[in-house]
Each structure stands twice: as structure tokens, then as C-alpha cells.
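What follows is a set of notes on a single structure, which appears directly below.
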Amino acid sequence: MAALVCTRWLPRSWLCRRPGQGCGRHYRAALCTTLKQPLAIEEVASRAVQPHEVRVDVHFCGINFADILVCRGQYQERPHLPFTPGMEFSGTVLETGADVNTVKEGDCVIGVSILHGMAEECITDQKNLWQVPEKVSLREAATLPISYGTAILALEHRAHTQPGETVLVTAAAGATGLAVIDVATNVLQAKVIAATGSDEKCKLAMQRGAQFSVNYSQGSLKEAVKELVGRSGVNVAIDMVGGDIFLEALRSLAWEGRIVVLGFAGGSIASVPSNLLLLKNISAMGLYFGQYKQENFTVFSKSMSSALQYCQQGRIQPHIGAVFKLEEVKKSD
């Protein structure tokens, strides 16, 4: 489920040095100084913005599984130490560079970046920001970029999910899994089978809109899906677990079914049996969400705009499992 870091527990003036102290304005940030070790909360000197950059007063920063992987040195991209994690954030614009024309001071925004979000202040390129509509709170907005952006790209852009189709989602009680349930059910009008590893997680997925749930720690996922939908199978599978769960989800697909791989939370990467793709005319595809930003920014940006629009319209309702103060992140694993 989604978790947030809130940076707004202390007034902004607490972070400002008075003239004559020998240094400029400072702000607090979570720093990863050593991989696989707790984060440190330190004061960082603020720098000047470049012409294309925007300074954002961060209110909330989402905590994602990818943030944990980055801090363990296990993510696709490995930044140099020390660094500030945080891939998604919301806040208000404090300052804009001379060439910025997309946002202005005082605007409420969400941002997407590999790093820098887990701090009281963030400087980022204007291309990384989207304006938040008035009806969407900054707390809600901070949950949208990674989880909902991924869910929208997986369901709409990659799988082309249609109304009335059946979607199987694994790791369904995680932040992205819950976003997939929300978008599939409430936006695309699809039916969802939520697959998780415990009864408690199944209950949460059902509460969030799934029509059916399966606890794959208690037996075969393929057989459980078969009992629910018969031999015809599911039209779409969204997998974040990998390994044997991926293979069972693949074997649960209907004729011309589509499976989208989002990750390997189970730690195992399975080989695709290509004969299954042929026999059922199945499509197996991947989704590296962040890479769309470089390879097809139009598609990436549309997913952000859609997430904000769906939230403004009340068609999706992000689930926030917990909110932490900035200083509390150093205590978490």
C-alpha cells in the first residue's frame, strides 16, 4: 500500500539561516550515505536554480519499493553516494528559472524524478512537474505518479484493457497493485481478480474494489483462477512477483490474452515458455515505467495527466496506508 513522508511538520522559517551566520538557506533532507543502512536526516545547503529548473517546497513524498531498492544498490539505476531518495512528490512552487513557462510561483505540483524527493525542498527540471487541480489534495497527489502512472500505462497503453474484460493482478495489496485495481474497476469498467500472499491482503484488495481474490500462498494460482472464471481464463494479467507466480498467471490467460510484467518482487525471474504464446496467441510484454520519460515523453506525460484527471473527477481514490514525518524514515527498513 502507498506510504508517504510528510515534510511539513515544522515551519519553513526554522530552516532558514539568519544573515551573518556564514551560510545561505538550508533545508532538511534524507540522505543515503551507505547502501543498506538507515538514512540520515541532515541539513543541506540550497543552491541556485538553473534557467530551466523549478524549486519546489515539498509537502509529501511517496515511499515506493523502488526507493528501497535504490538504497540497497539493487535498482536499475545506481546513483553515486550520498544521495537523497524519493521518486515522487507533491508541493508548491517556490521559485522558477528564467526559461520556465509551465508553472509559476505558488502553483501546486506533483513531480517525478529518480531522486531528491525525500526532502523539504527539491530542485527539478520543469519537465518533471505537473500542475495539481484544485480539487486534488497534495496528500493524494503525491501517491499518483509512480503507482497510478504505472497502472495506467500497463492497463491502457500496453494491455489495451477493454470494458468487461477480466484482469488478474498479482501483489495486489501493494501500492501499484491497489492502483491497478482502482483504475481497472472504476475507470476501465473491468473485472479484477486480486492475487496476494495472505488472507489479510486479500481482504484489503476486496475492500478496494476487486471482485475476487486469491491467496496464492495456499495453493495453485492457476487452479484458483480456473475455479473463478472457468477454462476460458483472464484477458489481462499484471504481474509484479515473477517466478512461479508469473508462470501461473501466464497459464491463466485466455485466447489472445495479454500479460504485462512490472517487476520481480518475489526475487525470481522466470523464462517465458514460448509455446504458450503460440498456442493461445498470447502477448507477453514488459513495462519499465521510468524509461518512458526518456523514450516517449508524450505517453509518459499523458499517464500523469490522466491520473490527475481521474482523481479530480473522483473516479479513483488513492489508498494511503501510512504517513511518516521526515525524521521517521531513518528508522524504517
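The values are calculated or read from the model by the stated rules, or taken from the named source; none is laboratory data. Given the structure is predicted, the values throughout are model-derived calculations rather than measurements. Every residue, glycine among them, receives a Cβ derived from its backbone with ideal geometry; neighbour counts consider all protein chains shown. What goes into the accessible areas is simple: the full protein's heavy atoms, side chains included, and nothing from ligands, DNA or RNA. Shrake-Rupley method; radii C 1.70, N 1.55, O 1.52, S 1.80 Å.
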Handout entry: Residue tally, condition assigned to a loop (DSSP other than H, G, I, E, B) and open to solvent by 30 Å² or more (accessible area, probe 1.4 Å), over the stretch 134-164
Key = 7
Fill in the blank from the handout: Residue pairs within 6 Å by beta carbon, gap of at least six or interchain, first lying in the stretch 276-295 and of a type in the set (D, E, K, R), second surrounded by 13 or more Cβ atoms within 10 Å (Cβ to Cβ), listed first then second, are K293/F300
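Residue by residue, here is whether (1) in contact with a Leu (Cβ under 9 Å, 6 or more places away or on another chain); (2) closer than 28 Å to S217 by Cβ holds:
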| position | (1), (2) |
| --- | --- |
| I259 | yes, yes |
| G267 | no, yes |
| I282 | yes, yes |
| M304 | yes, no |
| I316 | yes, no |
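Return the only residue of Y216, Y148 being aromatic (F, W, Y) and within 21 Å of S252 (Cα to Cα).
Working: Y148 fails: within 21 Å of S252 (Cα to Cα).
So the residue among Y216, Y148 that is aromatic (F, W, Y) and within 21 Å of S252 (Cα to Cα) is Y216.
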Problem - Pair list, Cβ < 6 Å and 6+ apart or interchain, from the stretch 139-156 residues that are in contact (Cβ under 8 Å) with a residue 40 or more places away in the chain to residues that are of a type in the set (G, A, S) and outside any helix (DSSP H, G or I) - result: A141/S90; A142/G62; A142/S90; T143/A2; T143/G62
Practice task
Would you confirm whether any residue within the stretch 7-14 is within 29 Å of L178 (Cα to Cα), out of contact with any Leu (no Cβ under 8 Å at 6 or more places or on another chain) and modelled with pLDDT under 95?
Solution key: yes
Completion exercise
For strands (runs of 3 or more DSSP E) lying entirely in the stretch 33-130, having 3 or more residues that are surrounded by 14 or more Cβ atoms within 10 Å (Cβ to Cβ) and over 18 Å from the mean Cα position of the chain (by Cα) picks out 40-45, 53-63, 88-96, 121-125
Exercise for the section: Considering only the stretch 112-130, state which residues are within 25 Å of L178 (Cβ to Cβ) and not hydrophobic (A, V, I, L, M, F, W, C). Expected result: S113, G117, N128
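Need a quick list: strands (runs of 3 or more DSSP E) entirely within the stretch 210-324 having at least 1 residues that are under 18 Å from A66 (Cβ atoms) and open to solvent by less than 70 Å² (accessible area, probe 1.4 Å). Talk me through it step by step, then tell me what you get.
Numbers: elements: 212-215, 234-239, 253-261, 283-286.
Here the list reads 234-239, 253-261, 283-286.
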Exercise for the section: Note down all Cβ pairs under 8 Å where the first residue falls in the stretch 41-53 and is farther than 10 Å from Q126 by Cβ, the second is basic (K, R) and in a loop (DSSP other than H, G, I, E, B), and they're at least six residues apart or on different chains. Expected result: A45/R25; S46/R25
Practice task
Could you please let me know if A173 is crowded, with 21+ Cβ neighbours inside 10 Å, within 20 Å of the chain's Cα centre (by Cα) and in a loop (DSSP other than H, G, I, E, B)?
Solution key: yes
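Picking from K330, K302, K325, K280, which residue would you name as being out of contact with any strand residue (DSSP E or B) (no Cβ under 7 Å at 6 or more places or on another chain) and among the basic types (K, R)? Even if it seems obvious, please write down each step before you answer.
Working: K330 fails: out of contact with any strand residue (DSSP E or B) (no Cβ under 7 Å at 6 or more places or on another chain); K325 fails: out of contact with any strand residue (DSSP E or B) (no Cβ under 7 Å at 6 or more places or on another chain); K280 fails: out of contact with any strand residue (DSSP E or B) (no Cβ under 7 Å at 6 or more places or on another chain).
Exactly one residue qualifies, and that residue is K302.
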